[in-house]
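J.: This is the structure I want to talk about, given as structure tokens.
The values are calculated or read from the model by the stated rules, or taken from the named source; none is laboratory data. Worth saying up front: this structure is predicted, and the values here are computed from it rather than measured. Cβ sites come from the backbone with ideal geometry, for glycine too, and all protein chains shown count toward neighbours. Quick note on the areas: whole protein, heavy atoms, side chains included, nothing else; ligands and nucleic acids left out. Shrake-Rupley method; radii C 1.70, N 1.55, O 1.52, S 1.80 Å.
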Amino acid sequence: MYNFAAGPAVLPAEVLRQVQSELISYKNSGMSVMEISHRSSLYTEMEAEAEADLRKLMSIPEDYDVLFLQGGATLQFAMAPLNLANRTRRIGFVDTGHWSQRAEEEAKLVTGIKAEVVASGEASNYTELPQAVELTENYDYLHLTLNNTIEGTMYKELPYTGKVPLVGDLSSNILGQEYNVTDFGMIYAGAQKNIGPAGLTVVVVKHSFFKDAPQLPAMLSYAKQAAKHSALNTPPVFAIYVAGLVFKWLVQQGGVAQMQQRNEAKAQLLYDYLDASQLFKSPVKKQWRSTTNVPFITGNQELDQRFIAQAQSNGLVNLKGHRLVGGMRASLYNAFPRTGVEKLVEFMQTFEETVRRTR
Ligand SMILES: *Cc1c(COP(=O)(O)O)cnc(C)c1O
């Protein structure tokens, strides 16, 4: 069975097997990892190792905090403005589709914040991304969605090089595409796409970036979370544990550079087929195609539905596209095996052949 879900998404089989083998008794403690105290050394050592591995994988410098929070990427849509928009109280947004718009909407709900769209992919119906962003006004930060999970577009290189700090939503390509952490003031990602179980959100934020934040409720404060190593209340221990195992798996696999190479190769298999096909096509311009989320269409809703149903009965599941875009979407995250893409392309060829013969 191959799971093409956009999130929650496929996890490495080796990681799931390890979780299974030590589920009843974590490190021979006689307790499940779900039962241990978050004040115990069992937990603090596990958390510290997960953080160290993530720092290694992403080359995160000392002056950045790594936070393991809850509330998903969606809470960061509000938490980032609360903590980081302190001088001009203005935030620039690059409108790249659904998730960037949700981020902008939430920022606008924070009292006193002005959120402004500085560049937009709307004219292309979000099949292209704004290429170069230039700011004519001053902002506390510029918000960028690096991989657009629904539209299937991705920034491989950053479109902005100015002085205003960048805040990046990396929910669907963190650890699958190389970026320099130092190009950002803050990075965030919900875990359930390319990291681990839902319930964990990874935040990487430069310490000096939130030093002027006002007093905030503890759970909403980067400063307070950082001071308590993300454990100012009970953290999502199980989700952090699985994420930690995924980080170890990634280190063993050769790290982010290796993942990026594999993701590019996997995606290329599918895009090559789509570009050659008479039936299926990718709606996204080549330059902007995501390596982790690949939407495709036939242009005929009835055919799309038939394809999705038949794929499912052939063990290729969760290929239904997002309701905003329709058609199909194959999500090819780090843990998604190349053989799954090969099977998908084979199945698409057979389907296309059948359609041609019955026309
Ligand atoms: C899924 C997703 C979100 C929302 O994530 P939650 O963790 O469910 O809040 C935000 N941004 C992007 C790019 C996403 O793919």
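J.: Roughly speaking, what is the centre-to-centre gap between region 125-142 and region 313-340 when only Cα atoms are used, to the nearest Å?
T.: The distance from the Cα centre of region 125-142 to that of region 313-340 comes to 30 Å.
J.: Once every DSSP H run of n ≥ 4 in the chain is given -39500 (n - 2.57) and the sum is divided by its residues, what mean residue ellipticity at 222 nm do you get, rounded to the nearest 500 deg cm²/dmol?
T.: -11500 deg cm²/dmol
J.: While we're looking at this one, here's another question. Rounded to the nearest 10 Å², what accessible area does GLU352 show when all protein chains are kept and the probe is 1.4 Å?
T.: 20 Å²
J.: Moving on. THR88: net charge of surrounding residues, Cβ under 9 Å, Lys/Arg +1, Asp/Glu -1, itself excluded? Could the numbers behind the result be given before it?
T.: Values: positive: ARG87, ARG89, ARG90, LYS114; negative: GLU137, ASP140.
Net local charge, THR88 excluded: +2.
J.: Run through the DSSP bridge list for the chain and note the antiparallel percent, rounded to the nearest 5. Please report the intermediate quantities before stating the final value.
T.: Numbers: 20 of 38 bridges.
Roughly 55 percent of the beta bridges in the chain run antiparallel, per DSSP.
J.: Right, here's the next one. Keeping every protein chain in place, order THR234, THR111, THR153 by accessible area at 1.4 Å, biggest value first, i.e. largest first.
T.: Values: THR234 80, THR111 120, THR153 0 Å².
Ranking THR234, THR111, THR153 by accessible area, largest first, yields THR111, THR234, THR153.
J.: A follow-up question, please. Counting Lys and Arg as +1 and Asp and Glu as -1, what is the net charge of the other residues whose Cβ lies under 15 Å from the Cβ of ASN233? Show your work: numbers first, answer last.
T.: On the way: positive: ARG39, LYS224, LYS228; negative: GLU47.
Residues near ASN233 contribute +2 overall.
J.: With θ set to phi - 60°, apply the Karplus curve 6.51 cos²θ - 1.76 cosθ + 1.60 along region 5-22 and write out the HN-Hα couplings as whole Hz, x wherever there is a Gly or Pro.
T.: 4, 7, x, x, 10, 4, 10, x, 4, 4, 5, 4, 5, 5, 4, 4, 5, 10
J.: State in Å² the accessible area per residue of the chain; use a 1.4 Å probe, count heavy atoms of protein chains only, and round to the nearest integer. Each step should come with its number before you reach the end.
T.: Working: 15910 Å² over 359 residues.
Normalised by residue count, the accessible surface of the chain is 44 Å².
J.: Separate question: Give the dimensionless ratio obtained when the Cα radius of gyration of the chain is divided by 2.2 N^0.38 Å.
T.: Normalised Cα radius of gyration, the chain: 1.02.
J.: Order GLU157, GLU302 by their accessible area, 1.4 angstrom probe, all chains in place, largest first.
T.: Numbers: GLU157 150, GLU302 105 Å².
In descending accessible area the options line up as GLU157, GLU302.
J.: Counting only protein heavy atoms, what percent of the accessible surface of the chain is carbon or sulfur at a 1.4 Å probe? Provide the component values of the computation, followed by the final result.
T.: Numbers: 7890 of 15910 Å².
Within the chain, the accessible surface is 50 percent carbon and sulfur.
J.: In nm, what is the difference between 0.36 nm times the number of residues separating ARG89 and THR44 and their Cα-Cα distance? Don't skip to the answer; put the middle values down first.
T.: Working: separation 45, 0.36 × 45 = 16.20 nm, distance 3.64 nm.
Contour length minus the Cα-Cα distance gives 12.6 nm.
J.: For TYR141, which sequence-distant residues (separation of 5 or more, or a different chain) have an amide H within less than 5 Å of its own amide H, given hydrogens modelled in the peptide plane?
T.: GLY92
J.: Roughly how many Å is it from the Cα centre of region 1-73 to that of region 284-304, as a whole number?
T.: 33 Å
J.: Here is a follow-up. Applying the Karplus parametrisation 6.51 cos²θ - 1.76 cosθ + 1.60 with θ = phi - 60° to the phi angles of region 323-335, what ³J(HN,Hα) value in whole Hz is obtained for each residue in order, glycine and proline being reported as x?
T.: 4, 6, 10, x, x, 10, 8, 10, 9, 10, 5, 3, 7
J.: In the neighborhood of GLU346, defined by Cβ-to-Cβ distances under 14 Å, what is the net charge if each Lys or Arg adds +1 and each Asp or Glu adds -1? Intermediate results must be reported in sequence, preceding the final value.
T.: Details: positive: ARG338, LYS343; negative: ASP272, GLU342, GLU352, GLU353.
For residues surrounding GLU346, the net value is -2.
J.: With both partners inside region 139-198, how many of the DSSP beta bridges are antiparallel, as a percent to the nearest 5? Each step should come with its number before you reach the end.
T.: Working: 2 of 9 bridges.
Of the beta bridges lying entirely in region 139-198, close to 20 percent run antiparallel.
J.: Rounding to the nearest 20 debye, state how big the charge dipole of the chain is about its Cα centre with +1 on each Lys and Arg Cβ and -1 on each Asp and Glu Cβ.
T.: Details: 34 positive and 36 negative charges, 93 e Å.
Dipole magnitude for the chain comes out near 440 debye.
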